[in-house]
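Structure first, then comments.
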Amino acid sequence: MAAIAILDKVSKRYPMAGQEVPALREISFTVQSGEFVSIMGPSGSGKTTLMHILGCLDVPSSGSYVLNGIEVSALSEMRLTDVRRKQIGFVFQNFNLISTLNAVENVALPLVYQRLSQAEQHERAAAALEHVGLKERMKYRPNQLSGGQQQRVAIARAMVTQAPIILADEPTGNLDSQTGHEVLELFAKLSRDGHTIVMITHDHEVATWGQRTIEIKDGRIVADREVVAQ
Ligand SMILES: Nc1ncnc2c1ncn2[C@@H]1O[C@H](COP(=O)(O)OP(=O)(O)OP(=O)(O)O)[C@@H](O)[C@H]1O
Ligand SMILES: [Mg+2]
């Protein structure tokens, strides 16, 4: 197996009123290619901070983060943006779809940074939508789709560039349990297809959909274990 994300003693401190608030303290773990990892922790434990670092939206105060062979902890904002576009597919709690664009146009959005014709962009976006079971809904706008369907569009958008990691932040947080279950089934399917998924959640039950759970508390890893199939 190849290591896709390697964190080594990653710390994050936020400056606050002349002091520094420690949000992450020497976090070390490695995500292997093809793994489905859940990161779990209570409110204030550092999940969003960690997700921002994993997603190249922010850099550590100290420590090293190697993403797909690139040391990202010291990159300029411009280089970081470039790495983010190529290496990460994001899925957010509130879907973050553009309301004026239909499903296939939303999914095609991350492809604008690639040298592809309009037809190729459309073809790839349509294939990604088919993969998440929404071929019949390509022309629907977000407000014409259910919450679960919107999240599946967002997952198709996260996959369309074939980024090496899908990073999901509370992907079921805005869904009822039945619909949330369907979205988790989709992640499980993508995982079986070989996608690498890192999912952040405060919900223990949601976390156990991963093959491995990393638990953080007060900015530290307190557990890192394989999920035993039931
Ligand atoms: N911009 C900031 N400035 C100062 N302190 C911050 C900032 N962002 C986060 N923190 C602090 O860092 C710690 C971790 O915050 P973080 O948002 O990562 O937690 P979280 O696990 O995502 O919580 P929640 O489940 O409530 O979203 C908290 O103590 C928080 O107060
Ligand atoms: Mg948070």
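Worth a mention:
- Over the chain, dividing the summed -39,500 (n - 2.57) contributions of all DSSP H runs of at least 4 residues by the number of residues returns a 222 nm mean residue ellipticity of -9500 deg cm²/dmol.
- Value in Å of the Kirkwood radius, where the stretch 150-190 supplies the Cα pairs that are averaged: 10.6 Å
- The ranking of Val153, Val21, Val66 by Cβ neighbour count inside 10 Å, starting from the fewest, reads Val21, Val66, Val153.
- Here the dipole of the stretch 152-230 is about 280 debye; that uses its Cα centre as origin and unit charges on the Cβ of Lys and Arg (positive) and Asp and Glu (negative).
- Fewest-first ordering of Thr201, Thr161 by other beta carbons within 10 Å of each residue's beta carbon gives Thr161, Thr201.
- With a Cα cut-off of under 28 Å and a minimum spacing of 8 residues unless on different chains, the lysine pairs in the stretch 3-226 number 14.
- Gap separating the Cα centres of the stretch 24-101 and the stretch 153-187, nearest whole Å: 16 Å
- Remark: the chain carries a charge dipole of roughly 380 debye about the Cα centre, counting +1 on each Lys and Arg Cβ and -1 on each Asp and Glu Cβ.
- Long-range amide H partners of Leu57 with built H, under 5 Å: none
- DSSP-defined antiparallel bridges as percent of all bridges, the chain, nearest 5: 55 percent
- Backbone phi angles across the stretch 102-110, fed through the Karplus curve with coefficients 6.51, -1.76 and 1.60 (θ = phi - 60°), yield HN-Hα couplings of 7, 4, 5, 5, 4, 5, 6, 3, x Hz in residue order; Gly and Pro are listed as x.
- Under the simplified labelling scheme, the Glu130-Asp224 pair shows an inter-label distance of 4.0 nm, with each label point 7 Å from Cα along Cα→Cβ.
Throughout, read-outs are computed from the coordinates displayed, never taken from laboratory work. What you see is a predicted model; the values in this text were computed from it and never measured. Neighbour counts run over all protein chains shown; Cβ positions are idealised from the backbone, glycine included.
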